[in-house]
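In what follows, a single structure is set out as structure tokens and then discussed.
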Amino acid sequence: MHLFSAMFLLVMLAAMPCEALYPSPEEGWQIYSSAQDADGKCICTVVAPAQNMCNRDPRSRQLRQLMEKVQNITQSMELLDLRTNRDLQYVKNTESLMKAVDVKLKTASDNPRSLNPKSLQELKDKVTQLLPLLPVLEQYKTDARQISRVREEVRNLSLVLMAIQEEMGAYDYEELRHRVLLLETRLHSCMQKLGCGKLTGVSNPITIRASGSRFGSWMTDTMIPSSDNRVWSMDGYFKGRRVLEYRTLNDFMKGQNFVQHLLPHPWAGTGHVVYNGSLYYNKYQSNIIIKYHFRSRSVLVQRSLSGAGYNNTFPYSWGGSSDIDLMADENGLWAVYTTIPNAGNIVISRLEPQSLEVLQTWDTGFPKRSAGESFMICSTLYVTNSHLAGAKIYFAYYTNSSSYEYTDIPFHNQYSHISMMDYNPRERVLYTWNNGHQVLYNVTLFQVVKTAGD
């Protein structure tokens, strides 16, 4: 189970015998448990990996890199083999010449008087013919050194592969990956039926890349459904205008295949979000929200968020002009901010994505300066108590019931300074910018699904 950092908790309620459900946990893919409720219905718990998380696991990237190294070593060995065969043939062709020189030298050594000027010249000519062997021998020396380096690389690769094999178990990697894809298809077809759930846990961090400065934001489109695989990166929190757009997550990881957008107005903070092909962000030194369309490279709409503080009036605990935080979840577009009448407490507003009009507003009562970051999942705002090491998800506000509770959901703040944390409902992961590192967390949601007729 440790191969896939984690995960969604699905609680399925079905009118069927408990023993007739799912494969056993010995397969090493999922953890299944079952019990009957008071009515005799079967309640089954399934821990399912987030879609495509296998490809994001650092060990899968490490294996791909190792395979590339093995391929490079194979090519080097083939080249050495070709060159060695060529040089060996040359040596064979000069073998008779070398024997003739050897006979001449022995004769001269045994009987120096037999070495007349003519014989000496013949010997010199034969030695001259052997001179091309010198670069061949030099090449042999170079190849010998290269073979030594290759041998060392192979030894290192063997050690790494042995360590990975011990960690991953006895499964063949390709077979493992194939089985994951089949399982993902099966489980995620079930997940499509799911509504919303309550956050109960956050996985260990998955570091995707280390790039940029200490502060920034990165994201994919949060609109459901969407086939858009682009990744956007916005470095810094102060007067930035440069947005990098990568074709895929893999391109982002490698820092390749990107285009640049130069925004017409600079941004403030890191609370940006991409929703249905447009970037929503807070305009620098204002409480204006801008909707910038990537395809047309134009501003579609901008609107002031009435009464919202800006320019470090009511930021998160880390500062950075983080007064207005825009985010999206399964139920739409949101703004998290505060106002002077709200005494610095966090305010949540649901926005209409086309006009940016405020549809509804909630006062959470939680002081924004005491919050490290926040994010929305299923119309619930989750707030962390710090941006530093030791942070946890400490507070939850439920807009559906206008109620709140204090929570205790820990997560590992690996690089000790989070300046952006946003939930992506399409992928069901948390995107974070942590001290110049772009990091993902999987989330565990508690959900109940009832079959028809229940």
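Here are the numbers for this structure:
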| quantity | calculated |
| --- | --- |
| Segment Met162-Gln121, length gained on full extension (0.36 nm per residue, minus Cα span) | 8.6 nm |
| Estimated D of segment 274-366 in µm² per second, where Rh is the Kirkwood radius over Cα pairs and Stokes-Einstein applies at 20 °C, 1.002 mPa s | 160 |
| Inter-site label distance for Leu181 and Val358 at 7 Å from Cα along Cβ, in nm | 4.9 |
| Subset of Lys254/Lys283; Lys291/Lys368; Lys254/Lys291; Lys198/Lys392 violating a 21 Å alpha-carbon distance limit | Lys254/Lys283; Lys291/Lys368; Lys254/Lys291 |
| Label point distance in nm, His261-Thr142, each placed 7 Å from Cα along Cα→Cβ | 5.0 |
| Segment Tyr406-Thr107, length gained on full extension (0.36 nm per residue, minus Cα span) | 97.4 nm |
| Near-label residues of segment 412-431 by backbone N, under 16 Å of a point 7 Å along Cα→Cβ of Leu388 | 413-419 |
| Theoretical gain in end-to-end length, Gln285 to Asn229 [0.36 nm per residue, Cα-Cα removed] | 17.0 nm |
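Only the coordinates and a few stated rules stand behind these numbers; no lab work does. Here the structure is a predicted model, which is why all the values come from computation and not from measurement. Backbone-built Cβ (ideal geometry, glycine too); neighbour counts: all protein chains shown.
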